[in-house]
Amino acid sequence: MENIVENENILDVRGEICPYPMLKTNKELDAVNSPELKVLTDHSPALMTIPPQAIKRGYSCEIEETSQGEWSIKLTKQN
């Protein structure tokens, strides 16, 4: 289930398995070119696929475990 909260720039890909969290994150970063995007996931392999793709696009990454088995990946555009 993909859910984008526009005012907060949140992409919710919980319930999705690879490669979809990474693909949807890449699509959002390329389409919106937002200075910041928070990705919510419950699929641990996404923690190893989303950050390298975001870094290639000029974003820094901060990963926080928000609850057991759920993470928030904060992507911030670097100047």
Within region 45-79, residues being under 18 Å from Arg14 (Cα atoms), under 12 Å from the mean Cα position of the chain (by Cα) and exposed (fewer than 13 other Cβ atoms within 10 Å of the Cβ) number 3
In region 21-44, residue surrounded by the most Cβ atoms within 10 Å (Cβ to Cβ) [restricted to those that are of a type in the set (S, T, N, Q) and part of a loop (DSSP other than H, G, I, E, B)]: Ser34
For Arg14, which of the numbered conditions (1) in a strand (DSSP E or B); (2) at pLDDT 95 or above fails to hold? (1)
Near pairs, Cβ below 6 angstrom, 6+ apart or cross-chain, from region 49-61 (touching a residue at least 60 places away in the same chain (Cβ under 8 Å)) to any residue that is exposed (fewer than 13 other Cβ atoms within 10 Å of the Cβ): none
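The values are calculated or read from the model by the stated rules, or taken from the named source; none is laboratory data. Computed from a predicted model, the values in this text were never measured in an experiment. A quick note on method: Cβ atoms are made from the backbone with ideal geometry, for glycine too, and the neighbour counts reach across all protein chains shown.
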